[in-house]
1. Whose amide H sits under 5 Å from the amide H of R151, counting only residues 5 or more places off or on another chain, with H placed in the peptide plane?
2. Enter the accessible area of R76 (Å², nearest 10), with the probe set to 1.4 Å and all protein chains included.
3. Taking H placed 1.01 Å from N in the peptide plane, check which residues at least 5 places from A91 or on another chain put their amide H under 5 Å from its amide H.
4. Once the whole set of protein chains is in place, how much accessible area is left on V89, using a 1.4 Å probe, in Å² to the nearest 10?
5. Could you point to the residue in S138, V68, A148 farthest towards the positive end of region 40-154's charge dipole, with +1 and -1 charges on the Cβ of Lys/Arg and Asp/Glu respectively?
6. Debye sum, Cα scatterers, region 44-138, no solvent: what log₁₀ I/I(0) at q = 0.12, 0.20 1/Å?
7. Got a sec to turn the phi values of region 32-39 into Karplus ³J(HN,Hα) couplings, 6.51 cos²θ - 1.76 cosθ + 1.60 with θ = phi - 60°, whole Hz, x for Gly and Pro?
8. Applying the Karplus parametrisation 6.51 cos²θ - 1.76 cosθ + 1.60 with θ = phi - 60° to the phi angles of region 59-67, what ³J(HN,Hα) value in whole Hz is obtained for each residue in order, glycine and proline being reported as x?
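The values are calculated or read from the model by the stated rules, or taken from the named source; none is laboratory data. Everything quoted here is computed from the prediction, not taken from an experiment. Neighbour counts are summed over all protein chains in view; Cβ atoms, including those assigned to glycine, are modelled from backbone coordinates with ideal geometry. Note: areas computed on protein heavy atoms with side chains; ligands, DNA, RNA excluded. Shrake-Rupley method; radii C 1.70, N 1.55, O 1.52, S 1.80 Å.
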Amino acid sequence: MLMFVKPVKILFAALAVLVSTNFALVTAVQANSFALTTSEGGTLYLQSQVDNESDTLFLIDTGSSLTVLNKATFARIKQTQQVTEDGLVIARLANGRQHKVKLYNVPLLSLSDDCQFTNVSVAVMNNEHNILGMELLSRAAPLGIELAPARLTLSQCDQSQLHASILVSE
């Protein structure tokens, strides 16, 4: 009986290394990391850039259930995509007031060339900034926010070049 203990220990040790290596590899493959900028008040912003085109600034707001686009960003998206109305909601604003807003379905919202989300429900408001709320952030969970240096790490995107290349090769 004792002669099987050592081979079994070696087998379990090898299995543990294999599992942890594959876990680290899968985590590295799926993670999308974004440098954030911080305002003087400590608010975190993600600057998205797709195809080296114009940057779009998103406020990271885990207290917002909605993803919100300002009118300029929404107009730019509507020029290239078929956006559809998705109903009405009553949104509670940061100042506590309630405001009725239309929701729209955006077929593709890109945070980078490697990280896009499909069929994103967004509200359009007269904001200066766009807001990444929990509607989108929860789809990328688990996620991490680091403060020094400021960085947002999303575990998954609906579509990414890396994910697409893995699917094609299978």
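1. Result for R151 returns L36, E146.
2. 100 Å²
3. Answer set, sorted by chain and number: H99, K100, V101.
4. Roll a 1.4 Å probe over it and V89 shows about 40 Å².
5. After comparing all options, I get V68.
6. -0.34, -1.00
7. 10, 10, 10, 5, 10, 9, 10, 6
8. Per residue, the Karplus-derived 3J(HN,Hα) values read 6, 8, 9, 6, x, 9, 7, 9, 8 Hz.
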